[in-house]
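Accompanying notes for the structure given below.
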Amino acid sequence: ALEQQSVREKDMARELKEEFFRLDGAWASFELMSIRKRDDYLKPFRVLRCKIDDQVDFRASESLRSTTEASLLIEMFGAEELVAATGRGPVHAVDNAMRKVLEKHYPQLAEVRLVEFDVRLLHGTVESEEEYGAAALVRVLGIFTDDRERWGTVGVAADILQASIECIIDGLEWKLRGEQKH
C-alpha cells in the first residue's frame with residue numbers, strides 16, 4: 001500500500017512539474033493551483049458567468065472602430081453581483097468589469113496593472129486534425145505588477161476569451177491570496 005502511494009505521489013509530482021513547465025513563466029498560477037487545494041483556502045471571489053459583446057466596424061475611424069462591453073456575474077461574500085463595463089477590446093472590458101466590483105471590497109487591486117499579455121496556440125496538445133490552427137488550445141500568459149512585485153499567470157482553454165479571463169482572475173486573485181474576508 002505504501003509503495004502504491006509513493007508511485008501515485010511521484011506521478012502527481014511529475015504531472016505538476018509538467019504543468020509548471022507548460023505554464024511557461026506563470027508561477028503565480030502554479031502556486032495558486034496548490035493554494036486552492038488547501039482545506040482552509042477561501043476564494044476571494046468567483047466569476048460565475050461572462051458575456052462579451054464585441055463589435056468591429058472597419059468603416060469607422062480608428063479610435064471608434066472597436067467597441068466592447070463585458071458583463072459578468074461575480075460571487076463575493078455569498079452574494080452575486082451583475083456588473084458591466086466597456087473597454088478597448090474584450091480583455092480590457094472584462095478587466096474593467098471585474099475591477100468595478102472587486103475594487104470596492106479590495107481597494108489594493110487598484111494598484112495592479114497588466115503589463116504584458118501573450119497569446120499562443122498549444123499545438124502539442126492537438127488530438128485530431130480539427131484542433132489545428134484556430135481550433136487549437138490557446139495559452140494566455142499575463143504579467144502583472146503592483147510596482148513592488150511582478151507575477152505571471154496563465155489561462156488555458158479552447159476559447160481565447162475563456163483563457164484570457166482565467167489569466168486575469170489568477171492575476172487579481174494572486175494579489176489577494178492572503179485575504180480571508182469571507
Using the beta-carbon distance between Ser34 and Ala84 and R0 = 25 Å, what value does 1/(1 + (r/R0)^6) give for FRET efficiency, to the nearest 0.05? 0.15
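Hey, if we sort Met33, Met98 by accessible area with the 1.4 Å probe, largest down, what's the order?
Solvent-accessible surface, decreasing: Met33, Met98.
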Working with all protein chains in place, sort Asp118, Asp54, Asp170, Asp39 by solvent-accessible area computed with a 1.4 Å probe, largest first. Asp39, Asp54, Asp118, Asp170
Which distance in nm do the two modelled labels at Asp57 and Asp118 give, with both placed 7 Å along the Cα-to-Cβ direction? 3.7
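The values are calculated or read from the model by the stated rules, or taken from the named source; none is laboratory data. Please read these numbers as outputs of a predicted model, since none were measured by experiment. As a convention, Cβ positions derive from the backbone with ideal geometry for all residues, glycine included, and neighbour counts pool all protein chains shown. Accessible surface is based on the protein model in full, side chains and every heavy atom, while ligands, DNA and RNA are left aside. Shrake-Rupley method; radii C 1.70, N 1.55, O 1.52, S 1.80 Å.
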